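Asks: To start, I am sharing the structure in question, which I have written as C-alpha cells.
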Amino acid sequence: SLATRFQLKDLNLEETVLLLMGGVLELLAPDRVALKSQITQRFVQDSRKMLQRNRPLLETLSQHYSLGIVSNFYGNLPGLLTKEGLAELFDVIVDSTAVGAVKPDPQIFLHATRQLNVSPKEALMVGDSLNRDMLGAESLGMPHAWVSGPHNNKPACCPNALTLKSVLELKDNLLCEAA
C-alpha cells in the first residue's frame, strides 16, 4: 500500500526504502521502528553495490539489445533509476503501479513488448522469481532465464528456460548470440 499512502514520484532509492521499512516495522515489529534507518542504510548500501557491479553488464548488453525492466514496484521506478544513473540504459521501464498490472499478469509483459515493438517470442525475460517472472513469461510463450542464485540447485521452471546462478552469466550467454 506504499503507493496509496505516500507521494513517491520524486523519491530516490533511500527515501523509498525508508518508507517501506517504516511500514514493515510498524506492522511486524512496532518495538523495533527505531531500527528503520539502520536497516534502510544497510539495504541501500548493498543494493547500490549490486547496481554498480551490474552496470558494466547493462552497458554492454544495451549496445547489442533493447533492454527493459518489468517490475512490481511503487510507481516511482523511472525516477528512481534516473537518480541512480541507470535509466539511460533501458529502452522501456514498466512499473506495475503505473500500468495497473502486477507480475505474473501477462498484461505487464505485453506492455513492455509493445513499447519495444517486439512480440513476446522475440523477447527474453530475465528474472529471479519462479512465481512472478517465469510464470508470467511462460504464459506468453516468452523465452526466459531464471536467475536462481548461487546456492539454489533446483532445476529451471520449464524445459526451455535458461538457469543462471548470477545475472552476470548473461554476458556469456547472450553476447555469443549477438556476435
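Asks: Between 144, 64, 111, find the one with the highest GNM mean-square fluctuation for the chain; connect C-alpha pairs within less than 10 Å.
Replies: Evaluated over the chain, the most mobile residue of the options is 64.
Asks: Follow-up question, since we're still on this one. Starting from the Cα of residue 1, step 7 Å along the direction of its Cβ; do the same at residue 31; then give the gap between the two resulting points in nm.
Replies: 2.4 nm
Asks: Run the quick spin-label model on residue 128 and residue 158: label points 7 Å from Cα toward the beta carbon, then report their separation in nm to one decimal.
Replies: Distance between label points: 2.2 nm.
Asks: Next up: Just the ratio, please: alpha-carbon radius of gyration of the stretch 73-179 over 2.2 N^0.38 Å, N its number of residues.
Replies: 1.09
Asks: Please give the length that would be gained between residue 55 and residue 24 if that part of the chain were fully extended, namely 0.36 nm times their separation in residues minus their C-alpha to C-alpha distance (nm, one decimal).
Replies: 8.2 nm
Asks: Which percent of the accessible area of the stretch 74-160 is formed by carbon and sulfur heavy atoms (probe 1.4 angstrom)?
Replies: That share works out to 52 percent.
Asks: Here's another thing I want to ask about it. For the stretch 33-120, with equal point scatterers placed on the C-alpha atoms only and solvent neglected, what are the log10 I(q)/I(0) values from the Debye formula at q = 0.14, 0.15 1/Å, to two decimals?
Replies: -0.59, -0.66
Asks: While we're on this one: Rounded to the nearest whole Å², what accessible area per residue is found for the chain with the 1.4 Å probe?
Replies: Ligands and nucleic acids excluded, the figure is 59 Å² per residue.
Asks: Moving on to the next point. Using a Förster radius of 30 Å, what is the FRET efficiency between residue 48 and residue 121 based on their Cβ-Cβ separation? Nearest 0.05, please.
Replies: That pair, residue 48 with residue 121, gives E of 0.30.
Asks: While we're on this one: Using the Cα atoms of the stretch 1-76 to build a convex hull, what is its mean projected area in square nanometres?
Replies: Reported value for the Cα convex hull: 6.0 nm².
Asks: Between residue 99 and residue 9, what length comes free when the chain is fully extended (0.36 nm per residue of separation minus the Cα-Cα distance, one decimal in nm)?
Replies: 31.0 nm
Asks: Take the Cα gyration tensor of the chain, multiply each eigenvalue by 5, square-root it, and list the three semi-axes largest first, rounded to whole angstrom.
Replies: For the chain, the semi-axes come out at 29, 18, 18 Å.
Asks: Expressed as cubic angstrom per residue, what is the convex hull volume of the alpha carbon set of the stretch 1-43?
Replies: Dividing the Cα hull volume of the stretch 1-43 by its residues yields 63 Å³.
Asks: Mind checking the angle between helix 13-28 and the chain's longest principal axis? C-alpha axes, 0 to 90 degrees, to the nearest 10.
Replies: 60 degrees
Asks: Another question about this same structure. Under the definition of Cα pairs under 8 Å and six or more residues apart, what whole-number percent is the relative contact order of the stretch 38-101?
Replies: 34 percent
Asks: Points 7 angstrom from Cα along the Cβ direction at residue 172 and residue 107: gap in nanometres?
Replies: Between residue 172 and residue 107, the label points sit 4.1 nm apart.
Asks: Okay, next question. Under unit Cβ charges (Lys, Arg +1; Asp, Glu -1), what dipole magnitude, rounded to 20 debye, does the stretch 1-62 have relative to its Cα centre?
Replies: It comes to approximately 160 debye.
The values are calculated or read from the model by the stated rules, or taken from the named source; none is laboratory data. Treat the numbers as computed from the prediction; the structure is a model and nothing was measured. Because the Cβ atoms are built from the backbone with ideal geometry, glycine has one as well, and the counts that use them run over all protein chains shown. We work out accessible area using only protein heavy atoms, side chains counted, and drop any ligands, DNA or RNA first. Shrake-Rupley method; radii C 1.70, N 1.55, O 1.52, S 1.80 Å.
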